[in-house]
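None of the figures in this text is laboratory data; all of them are computed from the coordinates on show. Because the structure is a prediction, the values reported are computed rather than measured. All Cβ positions, even for glycine, are placed from backbone atoms using ideal geometry, and neighbour counts span all protein chains on display.
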Amino acid sequence: MRASTLELVRNAQDHGYAVPAFNIVDEVSLRALIEAAEAADSPVIIQVSLKTARSIGVELVGAMFDSAVRGTSVKAALHLDHCPDLAWINKVIDARWSSVLFDASDRDFDRAVAETAQVVRAAHAVGVEVETEIENIVGVEDGVGSDVLVHSYSPESLVQAAEDCGADLLAPQLGTAHGEYSGRPSLLPGRVREIRALTDKPVVLHGGTGLTQAEFRLLIAAGVSKINISTDLKRTYMRAAHKFLIDAAERDEWDPPSMFRSVSGAVRAMATHYFDLFGSAGQASGSTRA
Ligand code: 13P
């Protein structure tokens, strides 16, 4: 069963923790996350970049997700990450994923708000939720985004825009960036508090990879309730595969399922770490809104 992203994140908001949203790359990473979430009794958001959705296909991703979740007690939502392309947004809405991030941060303000309102109308008509991003979060994620700040607005304008277009979750600039950090980021927990004082809409943190425990705790305490992790999953996945292949070459044994098991173990350990760190572990069974 596909859970509501908004319901998972609102429960986190009400109880002072954050739901991790991991970008999967294939069926191995997807199943590993569901298994880890079940073991930790944590809600989880399975995110898919536009690049991955294009390469696997919207239908197959949906079928893989349903198959991975079936027969488990996991509360998992299926979410399309940064998508500036209206045709793909509509495909995913038609396929009834839990939610989409319509990334309008490359448009000017008026066009971004008008197009987001259009997406929200189409999505809500069939029960799909919408995360809005009209300021760009620095860094390129799977081919989408920019390394420089293009659009930035006041918290008041951001919240007004989200209210006007009826979006469910809000992704503002919070000093983080997608990908690896070369220096320490200047985080903006005060901005989270300002936005939270203006709206009940959950605030999403992008660019989670590379933040310290203390930085995550600061941002969760300020009011962030969905945290995106992509680079760490890719790194964890590829390092486990690399290590396995070096050993395989030494032994001259070439068994792909053994490599998938090894990668799965590494991804499960990574996910468990974030469930503990974000306070989501143990929260799935009791997760109806207070
Ligand atoms: P990282 O790649 O820095 O973990 O960011 C993930 C993200 O924000 C996906 O939208």
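Look at where the Cα atoms of the stretch 159-238 and of the stretch 16-56 average out, and the two centres are 17 Å apart. How tilted is helix 256-278 with respect to the longest principal axis of the chain? Cα atoms for both, answer in degrees (0 to 90, nearest 10). Compared with the principal axis, the helix lies near 40 degrees. Keeping to pairs on different chains or 8 or more places apart, tell me how many lysine pairs in the chain have Cα atoms under 29 Å apart. Lysine pairs meeting the criterion: 16.
Overall, the chain carries a charge dipole of about 500 debye about its Cα centre when +1 sits on the Cβ of Lys and Arg and -1 on the Cβ of Asp and Glu, all other atoms neutral.
Charges at C-beta only: +1 for Lys and Arg, -1 for Asp and Glu. How large is the resulting dipole of the stretch 209-290 about its Cα centre, in Debye rounded to 20?
420
Can you sort Glu129, Glu250 by how many other beta carbons sit within 10 Å, fewest first?
Ordered from fewest to most neighbouring Cβ atoms within 10 Å, Glu129, Glu250 come out as Glu250, Glu129.
The simple Förster model, with R0 at 35 Å and r as the Cβ-Cβ distance, assigns Ser258 and Arg54 a FRET efficiency of 0.75.
With semi-axes defined as the square roots of five times the eigenvalues of the C-alpha gyration tensor, the equivalent ellipsoid of the stretch 172-215 measures 21, 10, 9 Å, largest first. Modelled label positions at His15 and Asp200, each set 7 Å beyond Cα in the direction of Cβ, lie 1.9 nm from each other. Taking chymotrypsin sites (Phe, Trp or Tyr not before Pro) that fall in a DSSP loop and have at most 15 other Cβ atoms within 10 Å as cut points, what is the longest piece of the chain between them? In short, 1-180. Dipole check for the stretch 76-206: with +1 at the C-beta of Lys and Arg, -1 at the C-beta of Asp and Glu, and the Cα centre as origin, the magnitude is about 280 Debye. Using a simple spin-label model with pseudo-atoms 7 Å out from Cα toward Cβ, Ser4 and Val126 lie 1.9 nm apart. Rounded to two decimals, the Cα radius of gyration of the stretch 92-137 over 2.2 N^0.38 Å is 1.11. Over every Cα atom in the chain, the radius of gyration and the widest Cα-Cα span, Dmax, amount to 18.2, 61 Å.
May I ask you to derive the FRET efficiency for His242 and Ser152 from their Cβ-Cβ distance with R0 = 41 Å, giving the value to the nearest 0.05? Don't skip to the answer; put the middle values down first.
Details: r = 38 Å, r/R0 = 0.94.
E(calc), rounded to 0.05, equals 0.60.
Please determine, in degrees from 0 to 90 and to the nearest 10, the orientation of helix 58-69 with respect to the longest principal axis defined by the Cα atoms of the chain, where the helix direction is its Cα long axis. Between the helix axis and the principal axis of the chain, the angle is about 70 degrees.
Evaluate the Debye formula for the stretch 97-241 with equal point scatterers sitting on the alpha carbons, no solvent, and hand back log10 of I(q)/I(0) at q = 0.14, 0.15 Å⁻¹, in q order, two decimals. The computed values of log10 I(q)/I(0) come out as -0.66, -0.76.
Between Arg217 and Asn90, the contour length at 0.36 nm per residue exceeds the alpha carbon distance by 42.2 nm. For the chain, the 222 nm mean residue ellipticity estimated from helices alone, with every DSSP H stretch of n ≥ 4 adding -39500 (n - 2.57) and the total spread over all residues, rounds to -16000 deg cm²/dmol.
The angle between the Cα long axis of helix 155-165 and the main principal axis of the chain comes to about 90°, on a 0 to 90 degree scale. For Lys234 and Asp164, FRET efficiency with R0 = 22 Å and r from the beta-carbon atoms, rounded to 0.05? The formula returns an efficiency of 0.05 here.
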